[in-house]
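The values are calculated or read from the model by the stated rules, or taken from the named source; none is laboratory data. This structure is a prediction, so every number in the text was calculated from the model and none was measured. Glycine also receives a Cβ, built like all others from the backbone with ideal geometry; neighbour counts cover every protein chain displayed.
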Amino acid sequence: MTKSYPIKPNTKPRMTRSDKWKQRPCVMQYRDYKDEIRKACVDLPEGGYHLIFVMPMPESWTKKKRDEMRGKPHQQTPDKDNLEKGLLDAIFNEDSHIWDGRVSKYWGDEGRIVVKQIPTFETLEEALKH
């Protein structure tokens, strides 16, 4: 199973109590991101998912650099764990039941989130047999 969502990946900012009434740009951007996630009905299994975050290339890059970097690993901020946490927090009120997942980041022309199902072992004993 593979699902692709045309949503620009975002991270959850560190928020303070005053962010409930202040409208800091980073907080407003994350709230818009959460709304997009919910509107698109992004769904994740409890385990065995591979999240692929396609990070949009800056418009300031030349055509040559864009052609060179398209599809290559994204090796700068934001970190993959921050992207995953931002997505999990947007989907779930409580995400402690999530037990297995993989995350990758790549450069692309437009922001996108791809969710793939990958095989998992149901028990530790089953995993240790292999």
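Would you confirm whether any residue within segment 76-98 is within 30 Å of A127 (Cβ to Cβ), in contact with a His (Cβ under 8 Å, 6 or more places away or on another chain) and modelled with pLDDT under 95?
Looking for residues that are within 30 Å of A127 (Cβ to Cβ), in contact with a His (Cβ under 8 Å, 6 or more places away or on another chain) and modelled with pLDDT under 95, one finds none in segment 76-98, hence no.
Exactly one of these conditions fails for K20: (1) over 14 Å from the mean Cα position of the chain (by Cα); (2) surrounded by 13 or more Cβ atoms within 10 Å (Cβ to Cβ); (3) basic (K, R). Give me its number.
Every condition holds for K20 apart from (2).
Would you mention how many residues in segment 75-109 are surrounded by 15 or more Cβ atoms within 10 Å (Cβ to Cβ), assigned to a loop (DSSP other than H, G, I, E, B) and under 11 Å from the mean Cα position of the chain (by Cα)?
Total satisfying the criteria: 1.
If a residue must be over 21 Å from M28 (Cα atoms) and either touching a helix residue (DSSP H, G or I) at 6+ places or on another chain (Cβ under 6 Å) or surrounded by 11 or more Cβ atoms within 10 Å (Cβ to Cβ) (or both), how many such residues does segment 53-66 contain?
So the answer is 5.
Out of all the residues in segment 26-39, is one or more among the β-branched types (V, I, T), surrounded by 13 or more Cβ atoms within 10 Å (Cβ to Cβ) and under 25 Å from G71 (Cα atoms)?
yes
Would segment 68-89 turn up any residue that is more than 18 Å from P9 (Cβ to Cβ), in contact with a helix residue (DSSP H, G or I) (Cβ under 6 Å, 6 or more places away or on another chain) and not β-branched (V, I, T)?
No, that holds for no residue.
Do you know which residues across segment 34-60 are within 12 Å of I113 (Cα to Cα), of a type outside the set (A, V, I, L, M) and not in a loop (DSSP other than H, G, I, E, B)?
Selection gives E36, H50, F53, P56.
Just checking, how many residues over segment 80-94 are closer than 13 Å to S104 by Cβ and without any contact (Cβ under 8 Å) to a residue 40 or more places away in the chain?
3
Any chance you could count how many residues in segment 9-27 are within 26 Å of K105 (Cα to Cα) and outside any loop (DSSP other than H, G, I, E, B)?
3
Given the criteria basic (K, R) and within 11 Å of the chain's Cα centre (by Cα), does K72 qualify?
Answer is no for this residue.
Out of the residues in segment 1-17 that are in contact (Cβ under 8 Å) with a residue 12 or more places away in the chain and either aromatic (F, W, Y) or farther than 23 Å from V114 by Cβ (or both), state the one that is surrounded by the fewest Cβ atoms within 10 Å (Cβ to Cβ).
Once the filter is applied, the top-ranked residue is M15.
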